[in-house]
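To keep things clear, I will list the structure first and then write my remarks on it.
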Amino acid sequence: MTYTVKIQQFEGPFDLLLSLIEKEKLSITDLSLAKITREYLKYIDEFKINTDQLVEFLNIASKLIYLKSKALLPSLINDESEEEIKEFKTQLEEYKRYKEAAEHLKDILAEGKFSRSPGERQFDKAIFFHPPETELKDLTILFQQILKKMPDKPLEEKTIQKQVTIEQIIDRINSALKKNKTLNLLDEIKKAKSKIEIVVYFLAILEMIKQKAIRVSQKENFDNAKIEDLR
Amino acid sequence: MNIKEIIESLLLVANKPVSPSELADILKTDETNALEALNGLIEDYKNRGINIIQHDSKYEMITSPSNAKFVSLFLNEETRKDLNQGALETLAIVIYKQPVTKSEIENIRGVNCDYAVRSLLIRGIIEEKGRKESLGKPILYGTNSNLLKHFGIKSLDELPKTEDKND
């Protein structure tokens, strides 16, 4: 016998929080929110949340962690975060009200009632209007005319050149850095085969600076820049 | 001239929600008279197969929600698809907070609401209600009478109040 586990989909971080609170039969207070921090983090960890929503889930996670630490170390609290937490709870309570209202709407829908106005058609129904005298043979003739107008020759072919990717350039810079501890930006760029490649090279440099993999320095404007390995 | 009877006829052919002032214009009377006649009609039609609904101070004749099953059999139409949880939450916020912007909805729900707002717009149960006089002039959304018809209710007052309806 097999068991299927149904994973509940949540409509965002507040939805998840509320269901955790409900499950534990808690109320929306600092303390009970701190209590469910572990469950909340476990959920984020275990279920793949799509990247669009991840920020929103993490934002709430950080607030929960704050509450939890506050419960453990009540002396280390500042007013600003206090204010933010108050707002957070108000927000959660507000969401709860609308969620309940949504439940109510769902119940109404389930009754299957609706109304129509005189002569009204359902708006999402596709309707075909044709001129009054049109007959099937007119449409056939029109369609044949359109077919005749279609060009017989095959579509013109165009090819797009394959371009280097930032990852490829980063690999290239990395292996160059393995040989020499420092590189000269201008010398490297001279090796580029196209304008696009120069642009990608710059993007790669920026990405590596962001990752703190390299440092780029320059003595004065328009001078050659030095790339140093930071790892 | 029986104002009430005329308005009854006009409501039947209107094909859209009508305001008391439009009716008053045609009847060469004032709005109070039109409104009085409308309220009389609502009362007359209360327990009939046709009802009159009011939304946003506009009036419309509709089939009674209680006969929905037979109306859909007769029209040979599938009854509408349900709204998903996200769309319902979004709709609830629009109903109680209208006029409301998308970012205000997103603040409450804590998630992006592009899809939910769009699906409600496509179904025609919410609509744009101008723009908010704030940074970026965001679009304001509100409900329309299609919402009442979709849910088979005669007025938004049939929905329970939420605590902060007036904030």
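Quick notes
- So A:Ile65, is it open to solvent by less than 90 Å² (accessible area, probe 1.4 Å), away from chain B (no Cβ under 14 Å) and under 21 Å from A:Ser19 (Cβ atoms): yes
- Selected residue [away from chain B (no Cβ under 14 Å) and hydrophobic (A, V, I, L, M, F, W, C)] from A:Leu105, A:Leu41, A:Leu109, A:Leu92: A:Leu41
- Residue that is nearest to the chain's Cα centre (by Cα), among those in the stretch A:160-179 that are of a type in the set (S, T, N, Q) and modelled with pLDDT of 85 or more: A:Thr165
- Highlighted here are the helices (runs of 4 or more DSSP H) found entirely within the stretch A:125-193 that include at least 2 residues which are open to solvent by 100 Å² or more (accessible area, probe 1.4 Å): A:136-149, A:166-179.
- Which listed residue, of B:Lys97, B:Lys129, is of a type in the set (Lys, Arg), within 26 Å of A:Lys89 (Cα to Cα), open to solvent by 20 Å² or more (accessible area, probe 1.4 Å) and at pLDDT 90 or above: B:Lys97
- The residues of the stretch B:50-65 that are β-branched (Val, Ile, Thr) and more than 9 Å from the chain's Cα centre (by Cα), listed by number, are B:Ile50, B:Ile52, B:Ile62, B:Thr63.
- The stretch B:132-162, residues that are in a strand (DSSP E or B) and either of a type in the set (A, V, I, L, M) or surrounded by fewer than 17 Cβ atoms within 10 Å (Cβ to Cβ) (or both): B:Ile139, B:Leu140
- For the stretch A:90-97, the criterion of a residue being farther than 13 Å from A:Phe14 by Cα and part of a helix (DSSP H, G or I) is satisfied by no position.
- Contacts under 6 angstrom Cβ, first residue in the stretch B:47-58 being of a type in the set (D, E, K, R), partner not in a strand (DSSP E or B), 6 or more apart: B:Lys58/B:Pro17; B:Lys58/B:Ser19
- Qualifying residue in the stretch B:32-43 (condition: open to solvent by 80 Å² or more (accessible area, probe 1.4 Å) and either at pLDDT below 90 or closer than 28 Å to A:Phe10 by Cβ (or both)): no
- One residue from B:Asn33, B:Asn67, B:Asn39, B:Asn51 being within 14 Å of chain A (Cβ to nearest Cβ) and assigned to a helix (DSSP H, G or I): B:Asn67
- Looking across B:Ala87, B:Ala68, one residue alone is within 29 Å of B:Leu140 (Cα to Cα) and open to solvent by less than 80 Å² (accessible area, probe 1.4 Å). It is B:Ala87.
- With respect to being among the hydrophobic types (A, V, I, L, M, F, W, C) and outside any helix (DSSP H, G or I), A:Leu206 falls outside the description.
- Pick from the stretch B:5-30, criterion surrounded by fewer than 16 Cβ atoms within 10 Å (Cβ to Cβ) and within 21 Å of B:Ser155 (Cβ to Cβ), ranking: farthest from the other protein chains (Cβ to nearest Cβ): B:Ser21
- A Cβ distance below 8 Å, combined with a sequence gap of six or more or placement on separate chains, defines the contacts here; from the stretch A:25-48, residues that are closer than 13 Å to A:Phe10 by Cβ reach residues that are β-branched (Val, Ile, Thr) in the pairs A:Tyr40/A:Ile60; A:Phe47/A:Ile7.
- Any chance B:Ser103 is open to solvent by 20 Å² or more (accessible area, probe 1.4 Å), small (Gly, Ala, Ser) and not assigned by TED's automatic domain parsing to the domain that holds B:Pro20: yes
The values are calculated or read from the model by the stated rules, or taken from the named source; none is laboratory data. Quick caveat: nothing in here was measured; it's all calculated off a predicted structure. Because the Cβ atoms are built from the backbone with ideal geometry, glycine has one as well, and the counts that use them run over all protein chains shown. Just the protein is used for accessible areas: all its heavy atoms, side chains included, with ligands, DNA and RNA removed. Shrake-Rupley method; radii C 1.70, N 1.55, O 1.52, S 1.80 Å.
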